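Heads up: the structure comes next, in structure tokens.
Only the coordinates and a few stated rules stand behind these numbers; no lab work does. Just so you know, these numbers come straight off a predicted model, no measurement behind them. Every residue, glycine among them, receives a Cβ derived from its backbone with ideal geometry; neighbour counts consider all protein chains shown.
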Amino acid sequence: MGKKYLTLTAIILAAELFAALPCMGKAPKQAKAGYGVCDVAIECLENKKKSYDSQAYELNREIARLQEKQDAEAEMDQLVIYFIEAQNMSALAGKQIQDYLKKKDQIELAGSEPDYVEYRISAHDELQINVYGEPDLTKTVRVAADGTISYPLIGKVNVDGLTTQGLEEKLSKLLIDGGYIVNPQVSVYVERFSSVSILGEVRNPGSYELKGRLSIMDAIAQADGFNIDADINNVKILRIEDGQQKTINIKLGDIKKGMEGVEIILKPNDTIFVEKIGKATVLGEVTRPGTFELKDRITVLEAIAMAGGFTDIAAINGMRIIRENPGSKKKVIRINVTDVISRGKKEKDIDLVPGDIVYVPESLF
């Protein structure tokens, strides 16, 4: 196959691959009879996954045919990148299928109501206080960090931990006892709750209202849980205390194991950040292709060993590492295993970094 034809083939395959992107995660407007939106989306994604798997297979075969061809390294590098993209899109479709299956389960269980717990006021809440017939006493106030508000005639009032009804009763009593109003009719509403921010590797990062006592695990649950790449033992809480930022490092794995003394209750304006775990992926002609956590220093050959070693048809000297380069194209690093094993060039057995993809092509000889 000539270089010009090969390049054209690669472009066509890439175009077919990315043309399918608009369907990802979306359901057709018209659903089949008896189908819900989730069912239609799942069917669409399953078809796309089959297409990506087919493209990956054809690309892998093309790479294998080029193993012994001279002056084909650049073309092989590009096809390897397309192969990885097809694998990634197949994995993404698979993940989205699982997400839709979970949504179906949630819809079926939607009839169950959570137990009602009356909200208790906390620092940084914004309260609307109305006193019927007394416009000067109708105020919007913010709860201070010490749990108090400043209210006309009365002054400082501790409101931390009270329900809105409890605060209504407290203000009414203070107004009566102070001789200000004989029979006050007080109403209290929470206009704006204090909040915490949850960022990083959670499904729905953002700001969440801090309604009463909230633990870090409760907050993660509000954000729909961890992403698959979350490092649950590398979580940080950023907190402002006395005008200074404080960082609290947490191993949530300890909390999930039920260890005592490790649960933390959040404070208003806390920011939770869940780090991404470092991972590398090994694909192609190895016994157990897959993704591996980079908890320690791991070289490319150590990753191959973790994947069960090479298969009998592996082109070991055609191995490549595809590495992300921020702000530029992917970098392809070629690895000659013979140099490392037979010639003792251990410096060629390079360390993997998070996000690396190791690809071992097939040999046709």
* Structure fact -> Answer check: segment 174-224, Cα atoms, Kirkwood Rh, Rg/Rh ratio of 1.34
* Asked: For segment 126-192, what percent of Cα pairs sit more than 17 Å apart?
  -> 32 percent
* Could you run the Karplus curve 6.51 cos²θ - 1.76 cosθ + 1.60 with θ = phi - 60° over segment 158-168 and give me ³J(HN,Hα) per residue in whole Hz, x for Gly and Pro? => 7, 10, 4, x, 7, 7, 4, 5, x, 5, 4
* **Net charge dipole size for segment 195-276 [Lys, Arg +1 and Asp, Glu -1 on Cβ; Debye, nearest 20]** => 60 debye
* Cα-based Rg of segment 278-365 normalised by 2.2 N^0.38 Å, two decimals -> 1.03
* Percent RCO, i.e. relative contact order, over segment 278-365, from Cα pairs under 8 Å lying at least 6 residues apart -> 40 percent
* Structure fact -> The set of residues whose placed amide H lies less than 5 Å from the amide H of Thr311, leaving out same-chain residues fewer than 5 positions away, is Val286, Thr287
* Asked: So which of Lys102/Lys279; Lys95/Lys279; Lys211/Lys246; Lys102/Lys236; Lys49/Lys329 end up more than 21 Å apart by C-alpha?
  -> Lys102/Lys279; Lys211/Lys246; Lys102/Lys236; Lys49/Lys329
* To do: Would you mind counting up the charge near Asn158? Only other residues with Cβ under 12 Å from its Cβ, with Lys and Arg at +1 and Asp and Glu at -1.
  => 0
